[in-house]
Every structure is written in C-alpha cells, then in structure tokens.
1. What percent do you get for the relative contact order of the range 437-505 when only Cα pairs under 8 Å and 6+ apart count?
2. Quick test of the membrane-span-like rule: which DSSP H helices of the chain reach at least 15 Å along their long axis (C-alpha atoms) with mean Kyte hydropathy at least 0.5?
3. Over its Cα atoms, what ratio of radius of gyration to 2.2 N^0.38 Å does the range 325-410 give?
4. Calculate, axis by axis, the spread of Cα positions in the range 252-352 along the three principal axes, and write the results as whole Å, longest axis first.
5. Taking only DSSP H segments of four or more residues, each worth -39500 (n - 2.57), what value at 222 nm results for the chain once the sum is divided by all its residues, to the nearest 500 deg cm²/dmol?
6. Express the relative contact order of the range 29-112 as a whole percentage, based on alpha carbon pairs under 8 Å and six or more residues apart in sequence.
7. Considering only DSSP beta bridges whose two residues both sit in the chain, what percent are antiparallel, to the nearest 5?
8. Remind me, relative contact order of the chain in percent, using alpha carbon pairs under 8 angstrom and six or more residues apart?
Amino acid sequence: MRPGPLARPPLPLWSREDALPAVAAVLLNLITVASNVALLAVAGYLIAAAALHPPLAALALPIYAVRVAGLVRATSRYTSRLTAHRFVLHRITALRVWLFETLIPLTPARLMHLRHGDLLTGVLADSGELENGYLRVLLPLVTAAIGSALSLLLGWSLAPGLTVVLFLGLILPAFLTPAILLRLQRRAAQRELEARSRVNTETLQLLQVLPDVLLSKRREAFFEHIGRSIDSLATAQRTLDISSSLAVAVHELAGVLSVVAGVAVLAPSVTAGSLSGPTLVGVTLSIVGLTELWLPVPEAVKQFGRVSAAAQRLSGIASLQPAITNAATPSAVPTLSSLRLEHVSFRYSGDAQWALRDVSTVLPIGEWIAIVGANGSGKSTLGRLLARYWDPEEGQLTWSGIPLPDLDLSQLRQSVAYVEQEPHLFETTLRENLLVAAPQAHTEELLEVLAAAQLLTFVQRLPQGLDSWIGEQGILLSGGERQRLAVARVLLRNAPLIMLDEVTAHLDPVTAAQLIATLRLSLAGRTVIVMTHDTRVARMCDTALVFDRGYLQESGHPEQLERLGGPFARLCALQRDLFLLATS
C-alpha cells in the first residue's frame, strides 16, 4: 500500500490574530526612529540657537521637546522590543505546535529514513530561523519601507532636493547593496546552511554514542570529522559576515555623504534667508538620525535567504503524506474477540526483501502468545502491524472481524499497549515517566506496577525514590531497568492487547522468569503477545508462533512444538547447547 501525493496546508506563517501585535510592533519601531530623529534635530537646533544668545524663554520649547523626545525614545524602544518578541514567540509557539501535530501522523513510517539530527534541525533549528525571519527580516523591512515613504514626504516638504538626497544617499544603498552582495554570495549562503545542518546532525549523533566513542580507538577520527564540519561552517559564516560588514560600511559611508549633500542642498535656503542656521543644523542631524531606520536592512537581507531555505525544508517535511490515515467513516473499536491475519505480506519502503510473507493465522484471545524467531525473522514487524504503525502490502489483519484500517485509529492505538525493544524514556523522573501512561495515577498505583515489573526494590533503594532523575533516555538506568520501567508504564494502561518486544533481553534467567510469572498474574484475562528469541520465555506462554525470514513456520503449544522436533525444538536445543557451553 504505497502512499501517493497528498495536499497539505502551507506552513502557518501568519494568522489574523497576529495582525494587531505585528502592526503595533511596526508602529512602535517607527515611533522609536521618529523620536530619535526628533531628539537629534531639536538638540542640534537648541545648541545652535543657544550659541546666538537668544532670550531664555525662546529656548524653553526646544528644551521641553528634547526631554519629551528622550522619554518617548526610551519608552518606545523598550515597548517595541517587548511587543515584537511577544508577537514572535506567540507565532513560533503556534508554528512548532503545528509542526509536532503534523509530525505525529508521520511517525514512524514516514520518518524512519530521517536521521534524528536532520529531524532535530528541521523542527528546532529551522523554526528558530523562522523566528529570526519575523524579528530580523519581516519587522525591520516593513518598518524601513514605511519609514522610507514617510521620510521622503518629510524631505519633500522641506526641500525637493532633500528628497533626492534621501533616496539616492540612504534608501537606495540600504536596499540595493545587500541585495547585490547576497546575490553574489548565494553559494556561500547555501554552503552555510548545509554546513550548519551537518554540524547539528553530527553533533547529535556524536552525543548519542559518546560513551562508546570515548572507549573506541577511533575517537580521534570522530572528533576530526566533526571538526572539519565545524571548520566549513566557520568558513561559510566568515564569507557571509564579510559581505554583511561591507554592506554596513557602504550604508555608513552613504549616510555621511548624505549629510554633506543635505547641507549642500539646504545651504542656498540659509543664504536666501528662508531657512535659519539652527534649523539647518537640526535638519542635518535629523538625516543622521534617519540612518537608524535602514541600519537593520543589510542584516535583514542577509537573513532572508537563510529564512527562506528553512521554510522550504519545513514545508518539505510537513508535506509528507502519512502512511497511515484514518478511514473516512471509521468504526468504533469493539471488544477484542478475535485477532486474525489473512495472507499478510509486508516489506519496508525501499526494501526488496519481505519482512513478512503470506502469514495467515488466528491469535487466541485472553492468552499469552510467544512470537519466536531469530533477529530479522519478522517478530517486531508483526507487532508494528498490529499496532498499525504500517499497513500490510498484501492481505489484512482483522480485530473482532473488522479490518484494522476500518477502525478508528486513535481508539485502536489506545487499545494496544506496546513495549518496543528500545523504549523511549523521557529525561525526567521515574514518576513522570510512569505518569505518561496514566496522568491521574496515584503513588500507590505506581508502586504496584513497579512491583509487577520487578523494579520496586530498586526504586525503594534510591534516595529520592519515584522522584529520582533517570537522565537522557534513562542513561542512569541499566538496560534491564529501562525495559522494566517501560513494562511498568504499560501496566498502567487498561489496554486489551499488550505487546512486549524482547522485554527480557537484558535480564538474567531468574529475573526474567520472575518478571513473566508476575506479569501473567497482573495481566490475567488480557491478550499478551511476547516477541522473543528466548525459548525459555516462549515455554512460559500458552501458544508459540515460530517465524523464520518472514515466514510462519509452525504454531501451537510450546511443549507440543518441542516434542514435534521442528523449528521450535531445534531453537530450544540450540539455546540449551549455547547455555551449557557458556557455563562449562
């Protein structure tokens, strides 16, 4: 069942509720620039006028205006920053929530080929770039565009020639220079983005295997490899920084030349007596103040390519079609009365080899069922199909006579509790990891499931008990403790179908037997599927299904299968021989 193209809504980069705070942020930015221009203009006028020794009363209004402009500038700058950041954080929060909601239906089928670092870069780093897009691209460019129009009108009202000076000396260089440099440095920008993504990916991968790397003989090679990626990122960033600095230098030089040109344009008016000397000083300094309006433009243009590329990557991930979708009119999940596989065949995307091939069987309800086989035999694949992480390519699975795709997907997932071979544990406390399954569970319930998972004694020895921190992915726990914590979490769910994938793989034989025996009591009456390669665990179950290279070889009661002398009996004999060899 291969998914085809599916139209998805574009990235929610904007919403109506964002309009008001965005407009407020732009207006406050304009007020900040205007107050800065007014402060410089009035201060210049005041200093020049005071040099002429007028009556003190004639300077009262400019003095008052300087005070007001200073207060307005400080207040508007703080308020504009606050408003802009609140707007951006609200938008990025909504965007990240949307992204995670979009990724959930893609898990795991559509994301299995993405490396964790790539996914982390896509969701966190690229959404962070979009945050820069609002804060350092959108708001500064809109402010500069509106401010440019207003400054041209103001210049025209004073002197038409001043409008030409502002346009050619400030506005045109502010937008044109970084645009030209960005075009010339497009390859460097692309290399910078690729290098940044590579560094993020390799850093995450290195952190995940760091203990093994530190013990290996190739750790220098690992560090040299990531060091080369960091060097390439630094080189690309230096190239872009040089371009940005050059654009700023051109902008500053243009500002100085504009001041000189402004004086030259207005000087005839002073000579003619239509413009006073103090006013000339004030207008000249206002040109200096206006340079603040276009100062963020080079950085905004530089960031634009980065933001655009980030948006494209996020759109690429978000546009993936879920491999598993809900039916148009899904049926409610009925009480589990039968589980049937009818000629089920499945292979993972891009894999020519079948993970399961033409499997037909009926799984007994209310019993413990062992799915037995070596690694790669199809055990875990069967569990994932029953949880409907994938749909079979051929055949079908039915729940109480209803094909799984016809059932409500959310209800089906709630009806299945699945402990995978590598269960995910959150970087928090034992208590919080358990409450993921049952947020309202009391401490007594948590201790009860820990006892059933053979973990209570361990937890009671910890100084903080249930509130002990377990580290990233449960790094402070052993492999067996992580597996049993995942089992305890499953026990908190009232799911009719329980699937346990290699839950005893990290346990010694005595603890494994005690765990299975305790779970049989705790899960009495429920259907439990145990995927295992350990025939000792299989013999503690009611039924065993033996798989080899995707094919169902035989099924039946473990004792009967062992007496038959078939694949299960050979597995039992092989494991006994290995055990005797290891203990001899």
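We did not get these values from a lab; they are worked out from the coordinates using the rules stated. Since the model is a prediction, treat every value here as computed from it, not as a measurement. Neighbour counts run over all protein chains shown; Cβ positions are idealised from the backbone, glycine included.
1. On the way: 40 pairs, mean separation 28.6, N = 69.
It rounds to 41 percent for the range 437-505.
2. 19-50, 139-158, 172-184, 219-272, 277-294, 509-522, 567-583
3. In units of the 2.2 N^0.38 Å rule of thumb, it is 1.10.
4. 101, 35, 16
5. On the way: 22 runs with 342 residues, N = 584.
After summing the helix terms and dividing by the residues of the chain, the value is -19500 deg cm²/dmol.
6. This gives 38 percent for the range 29-112.
7. Within the chain, antiparallel bridges account for around 50 percent of the total.
8. 15
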